[in-house]
Structures are given as structure tokens and as C-alpha cells.
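Beneath this line is the structure, given in C-alpha cells, with notes to follow.
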Amino acid sequence: MTATAQTAQTAQAPESIPQWRLRGHVILACNCDYGCPCNFNGLPTTGKCEGNWNWHVEDGHYGDVRLDGLTFSAAVNWPGAIHEGNGEGLLLIDERADGRQRDAIQTLLSGRAGAPWAIIARTISRVHGPEYVAYEVRVADYASAVRAGNRVTLEMEPVRNPVTKAEVHPRVILPEGFVYKEGLLGASKAFSVSGDVAFDHTGRYAACAPFEYQGP
């Protein structure tokens, strides 16, 4: 290889991403009806998506940086279906994260390290943040909840039969799912996002699911 060719290859080399792995739970909600048709390759209920994911890491590392116990979020307003792009996003990171942890999480959320964020990031054209906020997280099946500073409030509850008001407890298996593979589908007892991206969709779709990602 000539020096010129070697220099050109180096200039085009992608960012070096270390080995990483995360395991935990994601708690999410959006403006769709219960179950969310997007889970099944359908279009969003109202024709557009306004959603929020909150990833709580129970065990994980990015290179030699431990991320255990930290939480981070993305809230996005898309003008149409997610895959049509042009979304406006708000990124949030646990304020307890130190400098190296913040850098690692920002890299993950940017999509440069792969996993679900690589897909989500391609659909967002304007990004706000990251903002560093205090988190309160409860992973408790259909009663799971997240509060991210004054930016996100999300409380789950079971879906109720509209006639009898009895609780129902649906689960879903998504072999091709890129955010989660198997989860609990519920309703949002409370769900709002405020700041540069803002919406309130209380009483709509919510879910809690384990996740495990790794890369590169």
C-alpha cells in the first residue's frame, strides 16, 4: 500500500468503538393506541409518532467505563411515521454520570456504536441536549415508572377492559424487535414530556421490557 493510499484509508476510517454491552429495562410510551401498531410494522395510530424511551442500565460497560445503575432517555416528535424521518429529539442523561460515563452514553445515543440508537438517530434531524437530570426509576412490571427531572413523567398501569374495567395483562414477543424482544404492554397512567420537545399522551400506549445490547 502506498503512503498516499494508507493516509486516505486512515482519513476515512470510522470512529474507534470499543467492545460494549448493556443489560437492563426500557420503559417507554407514545401517542399510539394500546400495543402500538409500529411494533407490528403498522403506521402510528394518529399518522404521526410522539414517543419516549427510557433505558435503565442494570449491568453494563462501554469499553472500560461501567454504566451500572444509570438511566438515559430519548423523547422524539416525528411529523409522520418514524421511518419517514425528520424527527425533533430531546436527549436526557442521568446527572450522576461522571465525565467518562456521559461521553459513553452520548456516543450510544448518537447511534455511532450501533444497536437501536443507530436506527433511531437516522430518523432525527434536530437534536436538543443532552440535558443532565435526576432520575427516579421503578421497574415493576405493569406498575413501572420513570421521572426524569422536570422533563419526563411516565407511570404505567395495566390496560382495563372498557366494559368491565377488569385489568388485562398482554405480553408481546418480537423476534425482530430492535428495542426489545419481549415485553409487557400496558397503558400510561401519566405520560408527559416538557422542554424543547413537549407532549402529553396520558392514557395511551406504554410498555416495560428487558433489553440486552452489545457492540460493535
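The values are calculated or read from the model by the stated rules, or taken from the named source; none is laboratory data. Here the structure is a predicted model, which means the values were calculated and not measured. All Cβ positions, glycine included, derive from the backbone under ideal geometry; neighbour counts span all protein chains shown.
Taking the range 167-216 as the search range and keeping residues that are among the aliphatic types (A, V, I, L, M) and outside any strand (DSSP E or B), which one is nearest to THR153 (Cα to Cα)?
Here the answer is ALA198.
Return yes when ALA97 is in contact with a Gly (Cβ under 7 Å, 6 or more places away or on another chain), part of a loop (DSSP other than H, G, I, E, B) and either among the small types (Gly, Ala, Ser) or modelled with pLDDT of 95 or more (or both) and no when it is not.
No.
This table checks each residue for (1) free of Cβ contacts under 8 Å to residues at least 12 places away in the same chain; (2) basic (Lys, Arg); (3) surrounded by fewer than 15 Cβ atoms within 10 Å (Cβ to Cβ); (4) over 21 Å from PHE199 (Cβ atoms).
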residue: ALA118; (1), (2), (3), (4): yes, no, no, yes
residue: GLY129; (1), (2), (3), (4): no, no, no, no
residue: THR153; (1), (2), (3), (4): no, no, no, no
residue: GLU157; (1), (2), (3), (4): no, no, no, no
residue: PRO162; (1), (2), (3), (4): yes, no, yes, yes
residue: ALA166; (1), (2), (3), (4): yes, no, yes, yes
residue: PRO170; (1), (2), (3), (4): no, no, yes, yes
residue: ILE173; (1), (2), (3), (4): yes, no, yes, yes
residue: TYR180; (1), (2), (3), (4): no, no, no, yes
